[in-house]
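These notes concern the structure reproduced below.
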Amino acid sequence: MSTPYAKLPAWADYGLIPVINLFVAFVVAGFVVLLVGENPFRAAAVLVEGAFGRGQGIAFTLFYATTFIFTGLSVAVAAHCSLFNIGAEGQAYVAGLGVAIVCLAFDSVLPWWLLFPLAIIGAAAVGALWALIPAYLQAKRGSHIVITTMMFNFIAFSVVVYLLVGVLKPANSMAPQTRTFLDGAQLPKLNWIIELFGAKIRSAPFNITFLLALAMAFLVWVLIWRTRLGYEMRTYGHSPKAARYAGISETRIIIVAMMISGALAGMMALNPTMGDQHNVALDFVSGAGFVGIAVALMGRLHPIGIVLAAILFGMLYQGGAELAFEMPAISRDMIVIIQGLVILFAGALEHMFRPYIQAMFASISPRTVGMEAVKGKGA
Amino acid sequence: MDVFIAIVQVLDSTIRLSVPLLLACLAGLYSERAGVFDIGLEGKMLVGAFAGAAAASVFHSAYLGLGMAILISVAFALIHGFASITHRGNQIVSGVAINFIAAGSTIMLGQAWFQQGGRTPALASGERFGAIIWRGADAVRGVPILGPIYSELISGHSVLVYVAFLAVPFTWWVLFRTRFGLRLRAVGENPAAVDTAGISVAWLRYRALICTGVLTGIAGAYLSMVQNGGFVKDMTAGKGYIALAALIFAKWKPVNAMFACLLFGFLDALSIRLQGTPLPLIGKVPVQFMQALPYVLTVILLAGFIGKAIPPRAGGVPYVKER
């Protein structure tokens with residue numbers, strides 16, 4: 001689909017516009033803070049202080065960021081293929097079952113460094129399979145991927161609740177969660193990295209999954225921009241007709257892209273389960289799949305942008321907890337509002353400021369927006 | 001006779017449970033028929049529910065509450081329009097954004113204004129919509145078969161229930177018998193043709209979204225002022241998405257929408273009724289299975305195994321006048 005907008009220099013397109021959109025989102029959020037009778041500047045200070053002020057805060061910020069990198073990448077991979085995967089939430093949720101099965105089966109026999117790869121495979125496979133059905137239906141039967149993945153979120157929720165309450169819960173326990181994993185399924189922490197810089201950390205769930213997330217971000221970059229498959233996905237994303245004409249199989253590309261997307265969403269399940277809680281409980285995803293949408297849009301579907309956006313959202317989650325503690329009028333739901341505003345301004349309204357910026361660029365230097373300087377015309 | 005009473009009771013709660021679905025589903029019908037996808041039904045219902053209950057408890061008037069619910073819900077619909085019609089943003093992204101803003105702001109403002117953990121104060125009887133007892137409902141209660149049907153099923157609901165069911169023929173009339181409806185359907189199928197005829201695509205779509213906002217506002221008011229005596233956080237609990245599923249199930253037609261919503265409401269009523277009681281032959285049905293059933297049915301329908309659901313052709317595509 002051709003965009004009705006002229007080109008901007010890359011740094012403005014990928015740097016300036018997201019920053020402006022983000023800024024507007026935060027200004028509106030500031031008004032909400034005013035509405036409940038608090039000072040938005042102080043709120044912002046508390047938030048940043050809570051997220052980066054102490055080593056403890058940084059570790060929590062990065063722990064949340066790990067989760068959001070996975071879901072952000074998941075949404076982005078599908079989006080490059082012009083598929084809107086709104087089902088990362090459900091894919092991550094059922095992937096928790098994959099983690100649970102691997103961990104419950106092997107946590108007494110294997111050490112963590114053998115179990116971790118198995119759990120990665122388990123989570124990714126289950127997540128990918130959960131994305132396979134909507135992908136197949138989109139590719140073969142033409143049912144809209146947004147609606148089917150959304151329905152699959154709800155179905156996932158029912159399936160997981162049923163299994164946790166009925167099958168995976170230990171007989172002597174009331175809480176709908178698996179038993180606590182043994183040492184073999186507890187991932188090592190990375191807090192020492194932050195402690196190298198002289199910060200003190202009491203306990204924080206920042207763990208080795210973060211490295212996996214960074215590796216995946218790199219692999220997604222390789223996939224999208226350096227492989228044939230990624231090229232085909234982007235081609236299909238820009239123009240399904242062109243892709244068909246070039247002999248790219250529509251069915252294959254949709255299914256492969258959605259399964260990769262589902263696998264990435266599924267890996268998210270490793271972080272809160274093996275990395276933090278050491279069990280699989282109800283609600284361990286708690287909206288991370290939807291945060292992934294905001295992260296992917298913020299990061300303009302590029303892995304580097306996604307990692308940065310994920311850290312930003314990690315900061316919001318961690319700082320938001322501190323904020324709720326410091327200012328009782330502001331609850332943690334402030335983050336949900338900010339998240340919504342970011343999706344609105346960085347996603348749906350991303351073109352709102354573009355004409356003005358274009359006009360500005362055109363008046364400063366016409367060549368940057370692809371216009372020839374007007375010659376020989378007297379004013 | 002016990003079985004009969006039980007059936008009437010299940011049907012009665014079917015009606016009560018399907019009303020918010022029906023209102024939201026008709027709301028979605030207006031906007032999707034005009035070519036604007038709206039997955040923000042959930043969020044608009046939620047802000048409607050909050051605004052309604054909050055205004056009703058502050059001003060002590062159910063009708064002021066309803067008015068406020070509609071007002072705020074329309075405002076959110078206009079945000080969706082601003083993003084997806086005026087600025088040609090992605091309609092799904094915009095809907096997701098609205099759902100988040102609604103979920104967060106209702107809890108936060110509720111907590112800041114009423115200090116009850118995101119709830120609004122419990123509504124007194126004058127601040128809610130009470131049941132309307134039809135003439136002679138008590139007198140005929142004793143009559144076998146027809147008595148309970150009249151006094152339980154038909155009589156004794158709040159005004160919003162009747163509004164919801166009257167909205168079905170009204171919507172049908174608007175869409176299929178008025179000039180506005182013809183244009184609205186046309187703009188969802190082929191906006192360029194509407195534009196060529198000299199009618200503003202944007203203004204038409206905005207009007208469709210205002211209809212959407214009004215109906216989601218009423219749906220929200222029903223949740224917080226009829227079904228429940230006050231707002232509770234996240235009280236829509238996915239009803240906006242079920243309404244969307246019902247809309248697809250109904251193939252974007254108003255009368256079908258009513259039956260789809262009654263079916264989903266019935267499943268819900270049945271799952272509440274059957275909780276824990278084993279069925280003959282099948283045994284105990286897990287609650288989660290009943291909860292997932294509407295979604296599973298929708299997926300099967302979408303896959304084209306029960307007829308084919310074809311959405312309005314221009315749905316989800318922002319209209320660009322010229323390039």
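Looking at A:A59, A:A45, can you tell me which residue is assigned to a helix (DSSP H, G or I), of a type outside the set (S, T, Y), out of contact with any Lys or Arg (no Cβ under 6 Å at 6 or more places or on another chain) and surrounded by 18 or more Cβ atoms within 10 Å (Cβ to Cβ)?
Values: A:A45 fails: surrounded by 18 or more Cβ atoms within 10 Å (Cβ to Cβ).
Checking each option against the conditions leaves just A:A59.
Of these, B:V174, B:V194, B:V140, which one is closer than 27 Å to B:Y319 by Cβ and touching a Gly at 6+ places or on another chain (Cβ under 7 Å)? Before you say what the answer is, go through the steps one by one.
Numbers: B:V194 fails: touching a Gly at 6+ places or on another chain (Cβ under 7 Å); B:V140 fails: closer than 27 Å to B:Y319 by Cβ.
Being closer than 27 Å to B:Y319 by Cβ and touching a Gly at 6+ places or on another chain (Cβ under 7 Å) holds for just one of B:V174, B:V194, B:V140, which is B:V174.
Against the definition (crowded, with 23+ Cβ neighbours inside 10 Å, closer than 30 Å to A:F84 by Cβ and touching a Leu at 6+ places or on another chain (Cβ under 8 Å)), how does A:V126 come out, yes or no?
On the way: crowded, with 23+ Cβ neighbours inside 10 Å: yes; closer than 30 Å to A:F84 by Cβ: yes; touching a Leu at 6+ places or on another chain (Cβ under 8 Å): yes.
So A:V126 fits the description; yes.
Report yes if B:A83 is crowded, with 24+ Cβ neighbours inside 10 Å, within 14 Å of chain A (Cβ to nearest Cβ) and modelled with pLDDT of 90 or more, otherwise no. Let's see the steps before the verdict.
Values: crowded, with 24+ Cβ neighbours inside 10 Å: yes; within 14 Å of chain A (Cβ to nearest Cβ): yes; modelled with pLDDT of 90 or more: yes.
Yes; evaluated as a whole, the condition is true for this residue.
Can you pull out every residue in the stretch A:270-295 that is among the small types (G, A, S), under 14 Å from A:G87 (Cα atoms) and in contact with a helix residue (DSSP H, G or I) (Cβ under 8 Å, 6 or more places away or on another chain)?
Restricting attention to the stretch A:270-295, the residues satisfying the condition of being among the small types (G, A, S) are A:275, A:281, A:286-289, A:292, A:294.
Subset that is under 14 Å from A:G87 (Cα atoms): A:286-289, A:292, A:294.
Those that are among the small types (G, A, S), under 14 Å from A:G87 (Cα atoms) and in contact with a helix residue (DSSP H, G or I) (Cβ under 8 Å, 6 or more places away or on another chain): A:G287, A:A288, A:G289, A:G292, A:A294.
If we only count helices (runs of 4 or more DSSP H) wholly inside the stretch A:250-357, which ones have 2 or more residues that are within 14 Å of chain B (Cβ to nearest Cβ), in contact (Cβ under 8 Å) with a residue 12 or more places away in the chain and buried (at least 20 other Cβ atoms within 10 Å of the Cβ)?
Working: elements: A:250-267, A:288-298, A:303-326, A:333-342.
Here the list reads A:288-298, A:303-326, A:333-342.
Output the residues belonging to the stretch A:103-121 that are surrounded by fewer than 24 Cβ atoms within 10 Å (Cβ to Cβ) and under 19 Å from A:L211 (Cβ atoms). Full working, then the answer.
Residues of the stretch A:103-121 that are surrounded by fewer than 24 Cβ atoms within 10 Å (Cβ to Cβ), as a first pass: A:104-114, A:116-118, A:120-121.
Hits for the stretch A:103-121 are A:P111, A:W112, A:W113, A:L114, A:F116, A:P117, A:L118, A:I120, A:I121.
Has the stretch B:216-226 got at least one residue that is over 22 Å from the mean Cα position of the chain (by Cα) and not β-branched (V, I, T)? Step through it out loud before you land on a result.
Step one: list which residues in the stretch B:216-226 are over 22 Å from the mean Cα position of the chain (by Cα), which gives none.
Scanning the stretch B:216-226 turns up no residue that is over 22 Å from the mean Cα position of the chain (by Cα) and not β-branched (V, I, T).
Consider B:G28 carefully, then state whether it is crowded, with 24+ Cβ neighbours inside 10 Å, within 13 Å of the chain's Cα centre (by Cα) and part of a helix (DSSP H, G or I). Talk me through it step by step, then tell me what you get.
Values: crowded, with 24+ Cβ neighbours inside 10 Å: yes; within 13 Å of the chain's Cα centre (by Cα): yes; part of a helix (DSSP H, G or I): yes.
Here the answer is yes, as B:G28 does meet what is asked.
Does A:T148 qualify as being away from every other protein chain (no Cβ under 13 Å), over 22 Å from A:L211 (Cα atoms), hydroxyl-bearing (S, T, Y) and touching a residue at least 12 places away in the same chain (Cβ under 8 Å)?
Answer is no for this residue.
I'd like the residue in the stretch B:64-80 that is β-branched (V, I, T) and farther than 21 Å from A:M352 by Cα and, out of all such residues, is farthest from the other protein chains (Cβ to nearest Cβ). Give the steps one after another, and end with the answer.
In the first step, residues of the stretch B:64-80 are kept if they are β-branched (V, I, T); the result is B:70, B:72, B:74, B:79.
Keeping just the survivors that are farther than 21 Å from A:M352 by Cα gives B:70, B:72, B:74.
On the way: B:I70: 21, B:I72: 14, B:V74: 17 Å.
Once the filter is applied, the top-ranked residue is B:I70.
Here is a check on your reading of the model: is A:Y162 within 24 Å of B:I248 (Cβ to Cβ), within 11 Å of chain B (Cβ to nearest Cβ) and surrounded by fewer than 19 Cβ atoms within 10 Å (Cβ to Cβ)? Let's see the steps before the verdict.
Numbers: within 24 Å of B:I248 (Cβ to Cβ): no; within 11 Å of chain B (Cβ to nearest Cβ): yes; surrounded by fewer than 19 Cβ atoms within 10 Å (Cβ to Cβ): yes.
It is false that A:Y162 is within 24 Å of B:I248 (Cβ to Cβ), within 11 Å of chain B (Cβ to nearest Cβ) and surrounded by fewer than 19 Cβ atoms within 10 Å (Cβ to Cβ).
For the stretch A:238-249, which positions are in a helix (DSSP H, G or I) and either among the small types (G, A, S) or under 25 Å from the mean Cα position of the chain (by Cα) (or both)? So that I can check it myself, show each step before the final result.
From the stretch A:238-249, those in a helix (DSSP H, G or I) are A:238, A:240-245; that's our starting set.
Those that are in a helix (DSSP H, G or I) and either among the small types (G, A, S) or under 25 Å from the mean Cα position of the chain (by Cα) (or both): A:H238, A:A242, A:A243.
The values are calculated or read from the model by the stated rules, or taken from the named source; none is laboratory data. Bear in mind the structure is a predicted one, so any value in this text is a computation, not a measurement. Here the Cβ is made from the backbone with ideal geometry for all residues, glycine too, and neighbour counts use every protein chain on show.
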